[in-house]
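Each value in this text was obtained by applying a stated rule to the coordinates, not by laboratory testing. Note that the structure is predicted; figures quoted are calculated from it, not measured. Cβ sites come from the backbone with ideal geometry, for glycine too, and all protein chains shown count toward neighbours.
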Amino acid sequence: MTNGDVWLPLPPEEIGSLPAALTYHHWNGEGGFPADPADCVFYAVPYMKPAETVLRPLREMSRLRVAQTLTAGYEHMLPGLTAMPAGALLCNAGDLHNTSTAELALTLVLAAQRGIPEAVRDQSAGRWRPAVRPSLADRTVLIVGYGGIGAAIEDRLAPFRVRRVLRVAGSARQSPRGPVHAPADLPGLLPDAEVVILCTPLSDATRGLAGADFLARMPDGALLVNVSRGPVVDTKALLAELETGRLRAALDVTDPEPLPAGHPLWHAPGVLITPHVGGASSAFRPRAELLLRGQLTRFAVGEPLRHVVATA
């Protein structure tokens with residue numbers, strides 16, 4: 001049975017049954033360290049805190065064996081790999097955010113298609129302006145980044161009678177719902193995609209993926225939805241398309257982020273922005289607790305951990 005200190009971003013007593021052989025400390029990234037970092041063997045990274053905050057204790061964690069994020073993206077942790085002891089594992093949140101992020105993706109699509117931002121502004125101004133809006137029904141939807149979140153988005157699209165769903169992931173394969181294309185197929189898929197949903201991880205391969213050429217291949221009036229990471233989209237190229245009115249966008253993430261006051265994206269025509277809240281719903285907490293219980297139980301008895309994404 002493994003022993004040592006565990007740092008948790010949630011109060012240990014609220015998580016439920018945890019392995020008794022481990023010693024638990026609560027640290028959410030605020031204030032001083034809760035214990036000597038040198039005794040920490042399992043570090044559950046504070047959620048939605050700046051990279052400089054969550055990376056700060058790593059150099060002192062000389063016994064660390066696991067760093068566990070509560071985010072699906074883990075690019076903010078990669079600079080800390082060199083500070084972790086050799087062989088230590090970095091794990092991401094796996095499917096923790098599938099439910100919440102898929103819900104928001106669908107919300108953004110429906111809100112943008114049916115003109116909800118305009119209706120909210122009209123309500124504030126006391127204006128009654130009926131209009132015919134594009135439906136989600138009968139649209140071709142392209143999901144770029146067809147992993148767990150992408151599949152969860154397709155599950156939620158099913159009742160809306162879309163014409164078809166196109167899927168793209170890091171490599172071609174067959175999914176239970178149909179073929180998944182490789183990124184090289186994107187140029188041929190984009191001209192048919194009336195709604196494009198980005199839910200791909202941020203990497204060297206996906207940074208700036210939705211650039212000028214990508215956007216130019218989308219059909220007139222198409223909607224770009226980004227629930228992945230801001231830098232997956234070239235902001236300058238997107239602004240150029242929005243300002244002509246040729247494309248529309250619904251963005252939960254932006255580049256830069258947080259989006260500063262006065263940035264032209266705030267006032268670009270045809271854009272809906274939410275402040276990176278894909279995972280921020282009531283669905284987060286119970287799934288985070290379940291993830292931590294499962295990973296710590298496996299860790300304590302020496303079983304392989306889930307969602308390993310890198311090794312120091």
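Place the peptides 218-224, 4-10 in order of packing, highest mean first, counting for every residue the other Cβ atoms within 10 Å and averaging per peptide.
4-10, 218-224
Given +1 on the Cβ of Lys and Arg, -1 on the Cβ of Asp and Glu, and no further charges, what dipole in debye does segment 98-273 carry about its Cα centre, rounded to the nearest 20?
Value, rounded to 20: 460 debye.
If the viscosity is 1.306 mPa s and the temperature 10 °C, what Stokes-Einstein diffusion coefficient in µm²/s follows for segment 190-250 when Rh is the Kirkwood radius over Cα pairs?
D = 140 µm²/s.
With charges only on Cβ, +1 for K and R and -1 for D and E, what is the dipole size of the chain about its Cα centre, in debye, rounded to 20?
For the chain, the charge dipole is close to 740 debye.
Taking the DSSP beta bridges in segment 98-273 as the whole, what percent of them are antiparallel, to the nearest 5?
Close to 10 percent.
For the charge dipole of segment 5-95, defined by +1 on Lys and Arg C-beta atoms and -1 on Asp and Glu C-beta atoms about the Cα centroid, which residue among A21, A44, S62 has the Cα displaced farthest towards the positive pole?
In segment 5-95, that residue is S62.
What residues of segment 248-266 lie in the reach of a label at Q123, counting those whose backbone N is under 20 Å from a point 7 Å from the Cα along Cα→Cβ?
Output list for this probe position: 250-251.
Let me know the charge dipole size of segment 61-134 about its Cα centre in debye, to the nearest 20, where only the beta-carbon of Lys, Arg (+1) and Asp, Glu (-1) is charged.
Approximately 180 debye in magnitude.
Assuming R0 = 51 Å, what is the FRET efficiency of W266 and N3, from their Cβ-Cβ distance, to the nearest 0.05?
0.50
Taking the radius of gyration and the Kirkwood hydrodynamic radius from Cα positions alone, what is the Rg/Rh ratio for the chain, to two decimal places?
Here the Rg-to-Rh quotient is 1.01.
How far apart, in nm, are the 7 Å Cα→Cβ label points at F33 and E257?
About 2.9 nm separates the two model spin labels.
Order by neighbour count: S228, S135, fewest other Cβ atoms within 10 Å first, most last.
Ordered by Cβ neighbours within 10 Å, fewest first: S135, S228.
Relative to the present Cα-Cα distance, how much length would full extension add between R177 and R56 at 0.36 nm per residue of separation?
Extra length available between R177 and R56 comes to 39.3 nm.
Would you mind computing, in nm to one decimal, how far apart the modelled labels at L239 and T23 are, each placed 7 Å from Cα along Cα→Cβ?
With each label placed 7 Å out from Cα toward Cβ, I get 5.3 nm.
If the chain between A205 and V132 were fully stretched, how many nm would it gain, using 0.36 nm times the residue separation less the Cα-Cα distance?
Between A205 and V132, full extension yields 22.4 nm more.
Taking just the C-alpha trace of segment 98-273, give me its Rg and Dmax in Å.
For segment 98-273, the Cα-based Rg and Dmax read 15.6, 51 Å.
Using the 10 angstrom Cβ neighbour count as an exposure proxy, how do W128, W266 rank, fewest first?
By the 10 Å Cβ count, ascending: W128, W266.
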